[in-house]
Every structure is written in structure tokens, then in C-alpha cells.
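Okay, so here's the structure we're looking at.
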Amino acid sequence: MEWTRGRILGRGSTATVYAATCHNSNEILAVKSAELHRSEFLQREATIISSLNSPYVIGYRGSETKTESNGVVTHNLLMEYAPYGKLTDAAAKNGGRLDEAQVVKYTRQILRGLEYIHSKGIAHCDVKGSNVVVADKGVAKIADFGCAKRVDPEVESPVMGTPAFMAPEVARGEKQGKESDIWAVGCTVIEMATGSPPWTEANMREDPVSVLYRVGYSGETPELPRLLTKEAKDFLEKCLKREANERWTATQLLNHPFLVTKPDIEPVLVSGWVSCSPTSVTDQTFWRSVEEEEEETEELQEDSRDLDRLKLWACYSEKIGRLRCVGVLDGPRWDMEGGDWIMVRVSCEGTMISGSMSKNVLGNI
Ligand SMILES: Nc1ncnc2c1ncn2[C@@H]1O[C@H](COP(=O)(O)OP(=O)(O)OP(=O)(O)O)[C@@H](O)[C@H]1O
């Protein structure tokens, strides 16, 4: 497919997402790109989303490896473009949090997406507000399948995701599946309703290792936002059961009174949401040359590399290093996206945190 790269829409821990136009159809696309030698997650994501087709999952438009004009070989995942950005942007534009009617609407759409994904035997493994995008007509769609995997109880696979959204069994490194996605839906509802992920007391915000310990071993469940109705709190309790097998499924939750008794509201699409995104291919101010972008990209990449190297590593290396020393963690990937919460992706053979040893290790931190 012939296409032209436009400006940067967003940057994740593994790739950069650009707007692009398709030459044949003039459709605006989102193209997620990574250098080929660092595109393992992107290629996995492409394989997974190419097998999916739902109005509540970001649409697949193709994937390819390409040599750019500067000689760099990139892998590119072409996707449907979501003009209203991330769900967390929607909350930010609404004063930091969404009202309950909006929470209901988006939760319903997220669960419809998850019901479909789960029916295909796939777990998303990183459900959170910043991995849900708002597409045409204000429809929320699940995006970023970089952590997703086929659920197979026979195959041991590393746990992934974002600490504040991890279910207890994931934080302990035991297993990760459809039930863990449901816990993350509960956390995402809290995030939409309050503007912050769960476990965000002042003294916990900066320390993902403490969050992992608390989620995994404290026996606590996240605090339910006081302002929510009784129905909403009951819904959250069904998501946030510490025992994975007691959690409701996506299908059951779609029939919970919190979601069935209220009609969908019309989306409130505040124009400010689209501050950096085109609404049509004729929005020429949006389309800057790739050269301009490349300059900016190089600068930003340099900045983010510095941030990665200096700040994140300095902050966390000591604690994480202690875990790595005992073979608990190997090669974690850190990302500060989503406020103060970092994403953990582990490329080791086993699990991230295993059983009682890590409990002791974490207990010493
Ligand atoms: N289809 C899309 N349409 C519009 N913007 C998008 C789209 N997909 C992603 N983005 C933007 O690009 C950003 C980065 O995308 P994404 O989260 O998929 O990258 P990532 O490298 O996998 O990030 P993460 O660190 O969360 O894994 C998003 O936060 C969002 O702002």
C-alpha cells in the first residue's frame, strides 16, 4: 500500500505513531513505526490485530517493512486513525475525570471489545485509559496490542502490563489471562471516574515496586471512588475480586445493572481534544513535512533516550537491580506513560515475580 507519513500522534515505549494518508483511498491512517531491530512487540501486535475485526477494536490496515529515505529500515503497522486521541485525553479535557454517564458509555464499549477479543482466545494484558482511543463518532476502541497474547494454560509466558492496572495474580507473576483484563477494566473505570489510576496515594505514586507488592500480597482491593453510585460500586466489586476465577466475564458485566439500565449518551466531542490531530485530509496545517518531523523526532528521541537512561534508570535501577540479582527480573522495559505509572514488559522466559522468594525480596525493599 502506498502512503505518506505525516506528523507524530503519540509516542509509546516501543514505537512512534504517525498520521499518514493512503494514496489510493485518501483515508487518514495511524502508522505505528519502530526500527526493524527493535520491532519485536510491534510485529507481534500486527499479527494479533490482523486477526481481529470489531467496531470496538482499532482496525488493521496492513503491515510492512520498509527502507526509509534516510536508509533506516522500519517496521510499520497501519491502523485506523482515531481522531479524538486517548481516553485519558478525554478525561483531561473534561476537567480530569468523566461523569458517570460517559464512564458507562465507554465501559460498555471497552467490554464489547474485550468480549470479542476474549472470544478469539486472546488476552489484551494492558487495558488502561491510555490504551483505549476514541475514534469516529466518539466510539472507544481498544488499541495497543503490544502486550496481548493467546491464552494457553499449557504455555508459560511472561507477565506484562502496567503495575497500577495489574491484577493480584499478575503482580505476583503467576498467570495472566482474560480475568486479569477484567481487573484492569475495574482499574480503568476508577481512572475514568477520578482522573487517576488506583493505588495513587501520595506516598505510593512514585514507586511501582511498592504498588506491585501491595497489589500482589496485601490482600487489599483498590479504593472505590466515593462519588460513584451504588450500582457502579457493585460493578467494580465484580471486576476487582482478588480471586481471578470469581471475577465476572465481559459478557456478564455487559449485563450488569450499571451498564444495562442507562442508554448510551451522545459523545461530548470537545474540539480541544483534537489539538494535534487532523479531522480531514484537507487540514493542511496538520501535514508538516516528514523532514521537519524527522528533525523533531531526532530531538525528541534523544530527549526520551536521556530520560530513559538517566531519570528512569537512576530512579528504579537500584530496586529493580536487586530483583534482577536474584533472577526475578530480566530485562524490564520501563515507560512513564500514563502519569506516574510505568509499564513493565519482561522478555525473560519465566515469570516476572515468582512466588515466595519475590515476596521476601519485595518485602525488603
Ligand atoms: N490508531 C490511532 N489513532 C490515533 N492515535 C493513536 C492511534 N494509536 C496510537 N495513537 C497515539 O499514539 C500513542 C502511542 O501509541 P501506543 O500506545 O500504541 O504505542 P506503544 O509504543 O505501544 O505505547 P505503550 O508504551 O503504551 O506500549 C497513543 O498513546 C496515542 O496517543
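What to note about this one:
- Boolean, residue 97 is in contact with a helix residue (DSSP H, G or I) (Cβ under 9 Å, 6 or more places away or on another chain), under 14 Å from residue 191 (Cα atoms), more than 16 Å from the ligand (Cβ to nearest atom) and touching a residue at least 40 places away in the same chain (Cβ under 8 Å): yes
- The range 222-254, subset part of a helix (DSSP H, G or I) and without any contact (Cβ under 8 Å) to a residue 12 or more places away in the chain, residue farthest from residue 103 (Cα to Cα): 246
- Of all residues in the range 60-79, those satisfying the criterion of being within 12 Å of the ligand (Cβ to nearest atom) and in contact (Cβ under 8 Å) with a residue 40 or more places away in the chain are 61, 77, 78, 79.
- Exactly one residue out of 152, 126 is more than 16 Å from the ligand (Cβ to nearest atom) and either part of a loop (DSSP other than H, G, I, E, B) or closer than 30 Å to residue 175 by Cβ (or both): that is 152.
- Index of the failed condition, residue 82 passing every other in (1) touching a helix residue (DSSP H, G or I) at 6+ places or on another chain (Cβ under 6 Å); (2) within 11 Å of the ligand (Cβ to nearest atom): (1)
- Which numbered condition residue 191 fails, given (1) of a type outside the set (Phe, Trp, Tyr); (2) within 11 Å of residue 240 (Cα to Cα); (3) part of a helix (DSSP H, G or I): (2)
- Check on residue 88, crowded, with 20+ Cβ neighbours inside 10 Å and more than 19 Å from the chain's Cα centre (by Cα): no
- Which numbered condition residue 179 misses (of (1) over 30 Å from residue 230 (Cβ atoms); (2) not in a loop (DSSP other than H, G, I, E, B)): (1)
- Restricting the range 104-121 to residues that are more than 25 Å from residue 28 (Cβ to Cβ) and buried (at least 23 other Cβ atoms within 10 Å of the Cβ) leaves a set whose member that is farthest from the ligand (Cβ to nearest atom) is 104.
- Checking the range 62-69 against the condition returns no match, with no residue being at pLDDT below 95, surrounded by 18 or more Cβ atoms within 10 Å (Cβ to Cβ) and not in a loop (DSSP other than H, G, I, E, B).
- Under the condition of being more than 9 Å from the ligand (Cβ to nearest atom) and either of a type in the set (A, V, I, L, M) or in contact with a Pro (Cβ under 7 Å, 6 or more places away or on another chain) (or both), the residues counted in the range 138-149 number 5.
- Any hit, the range 81-101, residues being at pLDDT 95 or above and part of a strand (DSSP E or B): no
- Scope the range 8-29; condition over 16 Å from the mean Cα position of the chain (by Cα) and within 11 Å of the ligand (Cβ to nearest atom); matching residues: 8, 18, 19, 20, 28, 29
The values are calculated or read from the model by the stated rules, or taken from the named source; none is laboratory data. Given the structure is predicted, the values throughout are model-derived calculations rather than measurements. Using ideal geometry, Cβ is built from the backbone for each residue, glycine included, and neighbour counts are taken over all protein chains shown.
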